[in-house]
Amino acid sequence: MSQTQAPAMKKSLPWMFFVAMVAQMIGGTIAGSYLVFYMTERMLITATVVGSILLISRIVDLIIGLLSGVIVQKVCFKHGQYRSWLLYGPLAVSIGTTMCFINPAIPVMAKAVIVFVGYLLYGGGMSFIQISQNGSLAKIAGPDMATRLNISSKMVQGQSTGTIITSMITLPLILWIDEMGPDGYTTVQIAFAIIGFIGQLSLFMATKEYDKFDPNFKNIGGASESIPHMIGEQLKNSQIVIVMLGDMLRFGALMTLMSLAMYYFTYVAGDRNMMTVSMTIQSVFTLLCSFVSPQIVKKIGKKTAAICTGILGIVGYGCMAMFAIRGPMFYIIANTIAVAGSSLINVCGVNLYLDCAEYQLYKSGKDNRTFAMSMYGIAIKLGFIIASVLTAFVLNSAGYDQITATLADPDKFVLLIGGIPAVFYVLYTVLFLIYRITEDKSREYAAHNHAKRQQNAESTQ
C-alpha cells in the first residue's frame, strides 16, 4: 500500500461500495445458488462427477487466489494498484459464470470441461475483485476503525440487498423463460452478468481520486517484498491463521447448505417454489441485521461478535438438523437464527484480516497488508473446496439419483445439512475464544503504523 495520503472520503463513497455489491450479488447468484442443481438436473452429470469437477476447479482457483494477492501487492497499473482490477476481474467473472450455464448438445464430459473453465474464470475474477475492493477500503479509510466498519458494513448491506432482489426474481424468471422455450438459467445468467459488470465499473469510476498510478510504487510498502517472505509471514502470524481457519469452516458450512437448498425444497419439502420464499425471508432479515449489527459490533468488538456468530450458528443449524424434516418453515426459522449470528461477523468484512495485518506490520515492520487481506478470499475458497466434497457426500449418503430424480433417505439428508454446519460452528467458536487481538489493540496497531508511514513519507520528500 502506498504511503501517500489519500484525500478525505466523500460521504457518498460508502454507498458506491453498496451499489457495486448489489450488482455483484446479482451477477453471481446463478452460479452460487443453482450451479450444482443445473449440472445434475439439466446437464445430467452425476453428483460424484459434479463434486469432482468443483473440487478440482476450486483447488486450481485457490492457487489463482494466492497468486492474485501477490500480483496486486507487487503491481501498479496506470489506473492504480486496486482500481485496475475492477475492470479486468468483472469481465472474467461475467464470461466465466455464463460459460457454466451453457448446455449444448455435446457429450456430458465435454460440458463438464466447459463448466470447469468457466468456474476458473469466475473464481479467479472474483479473487481480483475482492482484493481490489478490500484494498480500496483500507486505502480510503486509513487507520480510522469507524470508517473501515462503515464501508465494510455498506458492502454487506449491498450484498443483502442484492440477495433480496435475486431471491425474489431469479427462480420465477428462470421458470417463466423455461415455459417460453429458451433455457431459463442461461438467459437469466447472461442478463445478470451484464448487471454485475456495470456495478463494478461504477466503483472503478468512483474511486479514481483515491487510487492512482504511483511512479515510486516499487520502492514503498509491500511491493518490494519477496513472494516467499509474503507467504512465510502469513504462516507465522498465528492470529491470521486462526481467522482463516474460522472463515474456512464458516464458508464451508454456508456453501454446502446453499448448494443443497434446492434439493431440500424439491425432494424433502416437495415444493421448489418455497426456495424463493426462503431466500427472500433470509435476505430481508439479513439486510435488517446488517443495519443493526454495525452498532452492536462497535460496542462489543469484532472478537466477541465472532463468538456470538458461532453460538447462534450452533443453535440455528442444530435446530435445522432436528426439525427441518417436519416442513420448510422449520428450515426457514432455523436458518434465520444462524443468519442473525452471521450478520455480526459479516459486517466486519475484511477488517479482521486487516487487524491481523496491522499487528504483523507493528511487530515486524514488513508491510504485507494487501497480501494478508487476500487471505480473506483464500479462506472462502478453502470453504468452497470443503463444500465440494461435502455436497457430493450428502447427496450420495442420502441416496440421490439424478436419473430417476429421487432422494432415497430424506431424514438422513436433513440431519446432514443441519448437523455438518452445526459441528463446523462449534469449531469456529473455539477458534475465536483463543483469538487475541482486541479492539483496543487493533486501534493501537493501526495508529502506530499510520504514524510511522507518514514519518517515512515526509523523510523521503
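The values are calculated or read from the model by the stated rules, or taken from the named source; none is laboratory data. These figures come from a predicted structure and were not determined experimentally. Heads up, the Cβs are rebuilt from the backbone with ideal geometry, glycines too, and the neighbour counts pull from every protein chain shown.
Yes or no: region 242-255 includes at least one residue that is hydrophobic (A, V, I, L, M, F, W, C) and under 25 Å from Leu173 (Cβ atoms). Yes, because at least one residue in region 242-255 is hydrophobic (A, V, I, L, M, F, W, C) and under 25 Å from Leu173 (Cβ atoms). Checked against the criterion of being at pLDDT below 90, in a loop (DSSP other than H, G, I, E, B) and in contact with an Asp or Glu (Cβ under 8 Å, 6 or more places away or on another chain), region 346-366 has at least one qualifying residue. Answer yes or no: is there a residue in region 376-384 that is part of a loop (DSSP other than H, G, I, E, B) and either modelled with pLDDT under 90 or loosely packed, with under 15 Cβ neighbours inside 10 Å (or both). Checked region 376-384: no residue is part of a loop (DSSP other than H, G, I, E, B) and either modelled with pLDDT under 90 or loosely packed, with under 15 Cβ neighbours inside 10 Å (or both). Residues in region 232-250 that are of a type in the set (A, V, I, L, M, F, W, C) and either without any contact (Cβ under 8 Å) to a residue 40 or more places away in the chain or in contact with a Phe, Trp or Tyr (Cβ under 7 Å, 6 or more places away or on another chain) (or both): 6 in all. The residues of region 408-418 that are part of a helix (DSSP H, G or I) and either buried (at least 16 other Cβ atoms within 10 Å of the Cβ) or free of Cβ contacts under 8 Å to residues at least 24 places away in the same chain (or both), listed by number, are Pro410, Lys412, Phe413, Val414, Leu415, Leu416, Ile417, Gly418. Of everything in region 40-49 that's closer than 9 Å to Gln402 by Cβ and touching a helix residue (DSSP H, G or I) at 6+ places or on another chain (Cβ under 8 Å), which residue is surrounded by the fewest Cβ atoms within 10 Å (Cβ to Cβ)? Step by step, filter region 40-49, then rank; the result is Leu44.
Conditions: (1) within 21 Å of the chain's Cα centre (by Cα); (2) at positive phi; (3) not basic (Lys, Arg). Gly28 meets all but one. Number of the miss? Every condition holds for Gly28 apart from (2). Residues that are modelled with pLDDT under 85, out of contact with any Gly (no Cβ under 8 Å at 6 or more places or on another chain) and not charged (D, E, K, R) are absent from region 83-100 altogether. None of Gln189, Gln200 is modelled with pLDDT of 90 or more, farther than 22 Å from Ser374 by Cβ and buried (at least 24 other Cβ atoms within 10 Å of the Cβ) except Gln189. Residues that are among the basic types (Lys, Arg) and under 18 Å from Pro143 (Cβ atoms) within region 323-376 comprise Lys363, Lys366, Arg369, listed in sequence order. How many residues are assigned to a helix (DSSP H, G or I) and either of a type in the set (D, E, K, R) or under 21 Å from Met39 (Cα atoms) (or both) if we restrict to region 181-205? So the answer is 10.
Filter region 32-46 down to the residues that are among the charged types (D, E, K, R) and in a loop (DSSP other than H, G, I, E, B) and list them by number.
Arg42
For region 318-335, the criterion of being modelled with pLDDT under 95, surrounded by fewer than 24 Cβ atoms within 10 Å (Cβ to Cβ) and not in a helix (DSSP H, G or I) is met by at least one residue.
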